[in-house]
Amino acid sequence: MNKIKHFLQFNDLERGEIELLFDRTKWIKDQYKSYKKYWPLEDRTLVMIFEKASTRTRLSFEAGMHQLGGAGIYLNTRDSQLGRGEPVEDAAQVISRMCDAVMIRTFEQDIIDRFAKNSRVPVINGLTNEYHPCQILADIYTFIEKKGPIQGKTVAWIGDSNNVCNTWLQAAELLDFNVHVSTPKGYEIEVERAGLHNDKHFEEFEDPMDAAKGADIVTTDVWTSMGFESEKNERIKDFTDWQVDSDMMKIAGKDALFMHCLPAHRGEEVTADVIDGSHSVVWEEAENRLHVQKALLEYLILG
Ligand code: CP
Ligand code: NVA
């Protein structure tokens, strides 16, 4: 079997490849904004497998394939054989014979890794418990659009050391920026789970205000990610002091951007005045999912 390029975690791509994707994203976005047809994936098909809910990921991949001249097919575990115990390896063999790429949103990273090992086509991580690489592509592209290169900049991560946090950490290692992380006790980063090579690109802070000080981006995510719902009540108590509010944005500085992958819970991880305020670029982040993923699909499918 030929070596197939997958995007299962952020550092599956090299720095030069990420930079190329961002160049392509700009071009593809410009074409789209000027209503120019660009159909490099005519007659190509992306299968999208969802084991968890989604609005943005489904829509951006499905619309993206359509806009590139191809098609997206949605499968979920509730009404396919995937939810009835068909081995992941068998599903990968079958599904990958009928399409040109597969996007999966699932639970453990091991599931997507096993799928990819048995796939004849590129596999893209649309979120696992461990990582959310497409989100961070969009977030970094959004930063670059607004402020220029991210190298040497500081991202403050406030809250749970979840899939989105782990992916920021991997991106920092690859693209040479820093992450200041503040999590409640018991929710700290696990270097191995985050897939990091070293601890040179992040620093941990007990007080979220210290993490936010002077940051170029302040970002957070829900206190309870999908798959962890049984811990919700405990988490609400543990995370109360890890809320991004206007005082925190002030300490970051007047040029700091606020980011959130969405969906958000106003009054929990972020206050309404911050997410709806002048620092916030959350809608741009969401839109850029569409554009960066089109560049990613083009790259993985056509090379
Ligand atoms: N940010 C993100 O992945 O959103 P969805 O869960 O709606 O896909
Ligand atoms: N950390 C969140 C991200 C949702 C897009 C979750 O996994 O539920």
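The values are calculated or read from the model by the stated rules, or taken from the named source; none is laboratory data. Computed from a predicted structure; not experimentally measured. Here the Cβ positions follow ideal geometry from the backbone for every residue, glycine too, while neighbour counts run over all protein chains shown.
Structure values in brief
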{"quantity": "Some residue of region 6-19 being among the aliphatic types (A, V, I, L, M), in a helix (DSSP H, G or I) and touching a residue at least 24 places away in the same chain (Cβ under 8 Å)", "calculated": "yes"}
{"quantity": "Pair list, Cβ under 6 Å, 6 or more apart: region 96-109 residue free of Cβ contacts under 8 Å to residues at least 24 places away in the same chain and within 18 Å of T77 (Cβ to Cβ), other residue part of a loop (DSSP other than H, G, I, E, B) and within 14 Å of ligand 1 (Cβ to nearest atom)", "calculated": "E108/N129"}
{"quantity": "Any pair with Cβ under 6 angstrom, 6 or more apart, that starts in region 197-225 at a residue that is under 20 Å from K147 (Cβ atoms) and ends at one that is modelled with pLDDT of 95 or more and in a loop (DSSP other than H, G, I, E, B)", "calculated": "A211/F205; A215/A256; D216/K153; V218/A256; T220/G159; T220/E269"}
{"quantity": "A252, sole failed condition from (1) closer than 30 Å to V123 by Cα; (2) in contact with a helix residue (DSSP H, G or I) (Cβ under 6 Å, 6 or more places away or on another chain)", "calculated": "(1)"}
{"quantity": "Qualifying residues in region 58-87 (those that are in contact with a Phe, Trp or Tyr (Cβ under 6 Å, 6 or more places away or on another chain) and surrounded by fewer than 19 Cβ atoms within 10 Å (Cβ to Cβ)) - the one farthest from E42 (Cα to Cα)", "calculated": "N76"}
{"quantity": "Top-ranked residue of region 211-244 - restricted to ones that are surrounded by fewer than 15 Cβ atoms within 10 Å (Cβ to Cβ) and away from ligand 2 (no atom under 16 Å from the Cβ), ranked as farthest from E130 (Cα to Cα)", "calculated": "G214"}
{"quantity": "Tally of residues being within 16 Å of ligand 1 (Cβ to nearest atom) and either touching an Asp or Glu at 6+ places or on another chain (Cβ under 8 Å) or among the basic types (K, R) (or both) across region 218-237", "calculated": "7"}
{"quantity": "Selected residue [at pLDDT 95 or above, small (G, A, S) and in contact with a Leu (Cβ under 9 Å, 6 or more places away or on another chain)] from A272, A295", "calculated": "A295"}
{"quantity": "Region 280-291 residues that are among the polar types (S, T, N, Q), paired with ones that are assigned to a helix (DSSP H, G or I) and at pLDDT below 95 (beta carbon under 6 Å, 6 or more apart)", "calculated": "none"}
{"quantity": "Residue within region 131-139 that is part of a strand (DSSP E or B) and buried (at least 24 other Cβ atoms within 10 Å of the Cβ) present", "calculated": "no"}
{"quantity": "Of all residues in region 51-101 being of a type in the set (D, E) and not in a helix (DSSP H, G or I), the one that is farthest from ligand 1 (Cβ to nearest atom)", "calculated": "E86"}
{"quantity": "Residue check, M48 within 16 Å of ligand 1 (Cβ to nearest atom), in contact with a strand residue (DSSP E or B) (Cβ under 7 Å, 6 or more places away or on another chain) and assigned to a helix (DSSP H, G or I)", "calculated": "no"}
